[in-house]
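J.: The following block contains the structure, expressed as structure tokens.
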Amino acid sequence: MFTGLVQDKARVAAVERNGDGVRLTVETEVAPIARGDSVCINGVCLTAVGTGDGRFTADVMEETLQRSSLATLGEGDRVNVEPALQASARLGGHIVQGHVDGLGEVADVREEGFARVVRIASAPELLRYVVEKGSIAVDGVSLTVSAVGDDWFEVSLIPETLERTTLGEAAPGRAVNLEVDVVAKYVEKLVAR
């Protein structure tokens, strides 16, 4: 489990593609990361299979590549990194599982005072879980929804978020990983019964 509070805007050091998936190596200041640890990369929970020298390596299976934006990563790209939440730690964001529900696309970016508003187009099957003032994870970043439309939602980003995460470089056309609030999915299932 994660909180959506990114600990490092890290750099992809290597991407090794093979027929079964991708082996991703990330340089990060997040420490310590040990072999077997869960690490959230752009909102995707991965397992560290190797560590050392300020790097960790994780295997990304085909299922994850098809459901997330990790398939588009290349050497030198920046990614959001968050280690798994420890039971004794403060939950400062919201409950983020690292299980991407789908992709969205940045539709518009505009300045609003010191904040930047990002509009993200999304599929109706995800938007049914998105509510104004509710929580959503975008590329692993815990955010508050500021507005919702028929085929989009907006988030407002403060300067700290713009600086500490890859969302500071978000531009129209960019694919982003989305994870809706898991509580909404449980409520829907319980009410449907």
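J.: In the neighborhood of Val187, defined by Cβ-to-Cβ distances under 13 Å, what is the net charge if each Lys or Arg adds +1 and each Asp or Glu adds -1?
T.: Values: positive: Arg128, Lys185, Lys189, Arg193; negative: Asp181, Glu188.
Within the 13 Å Cβ shell, the charges total +2.
J.: Taking the Cβ of Asp59 as the centre, find all other residues whose Cβ is under 10 Å away and add up their charges (Lys, Arg: +1; Asp, Glu: -1). Don't jump to the answer; show the numbers that get you there.
T.: Working: positive: Arg23; negative: Glu16, Asp20.
Result for the local shell: -1.
J.: Now, a different point. Can you give the angle from 0 to 90° between the axis of helix 182-192 and the longest principal axis of the chain, with both taken from C-alpha atoms, to the nearest 10?
T.: 50 degrees
J.: For a footprinting-style exposure proxy, rank Met61, Met1 by other Cβ within 10 Å, fewest first. Intermediate results must be reported in sequence, preceding the final value.
T.: Working: Met61 11, Met1 15.
Fewest-to-most ranking of Met61, Met1: Met61, Met1.
J.: Relative contact order for region 102-192: what percent, with Cα pairs under 8 Å and sequence separation of 6 or more?
T.: 36 percent
J.: When ranked by the protection proxy of mean other Cβ atoms within 10 Å per residue, highest first, what sequence do the peptides 68-75, 5-12, 82-89 form?
T.: Details: 68-75: 16.6, 5-12: 19.9, 82-89: 13.9.
Per-residue mean Cβ counts within 10 Å order the peptides as 5-12, 68-75, 82-89.
J.: If you count, for each residue, the other Cβ atoms within 10 Å and average over each peptide, how do 122-135, 180-193 line up from highest to lowest? Before the final figure, lay out the partial values.
T.: Values: 122-135: 15.6, 180-193: 12.2.
Going by the mean number of other Cβ atoms within 10 Å, highest first, we get 122-135, 180-193.
J.: Pairs of alpha-carbon atoms within less than 8 angstrom and 6+ residues apart define the contacts here; what relative contact order does the chain have, in percent?
T.: Details: 472 pairs, mean separation 47.3, N = 193.
RCO, the chain: 24 percent.
J.: How big is the charge dipole of the chain about its Cα centre, in debye rounded to the nearest 20, if each Lys and Arg gets +1 on its Cβ and each Asp and Glu gets -1 on its Cβ?
T.: Details: 19 positive and 30 negative charges, 77 e Å.
That gives a dipole near 380 debye.
J.: Here's a follow-up. Residues with beta-carbon under 15 Å from that of Ala171, excluding Ala171: net charge, scoring Lys, Arg +1 and Asp, Glu -1?
T.: The answer is -1.
J.: Amide H neighbours of Arg11 under 5 Å, at least 5 residues apart or on other chains, H built in the peptide plane: list them.
T.: Long-range HN contacts for Arg11: Glu27, Val79.
J.: Gain in length, Glu125 to Asp77, computed as 0.36 nm per residue apart minus the alpha-carbon separation, to one decimal in nm? Please report the intermediate quantities before stating the final value.
T.: Working: separation 48, 0.36 × 48 = 17.28 nm, distance 2.96 nm.
Gain in length upon complete extension: 14.3 nm.
J.: What distance in nm separates the simple spin-label points at Met1 and Ala147, each placed 7 Å from Cα in the Cβ direction?
T.: In this crude label model, Met1 to Ala147 measures out at 3.4 nm.
All of the numbers you see were taken from the coordinates with simple rules; none came from a lab. The structure displayed is predicted, hence computed values, not measured ones. Virtual Cβ from ideal backbone geometry, glycine too; neighbours counted across all protein chains shown.
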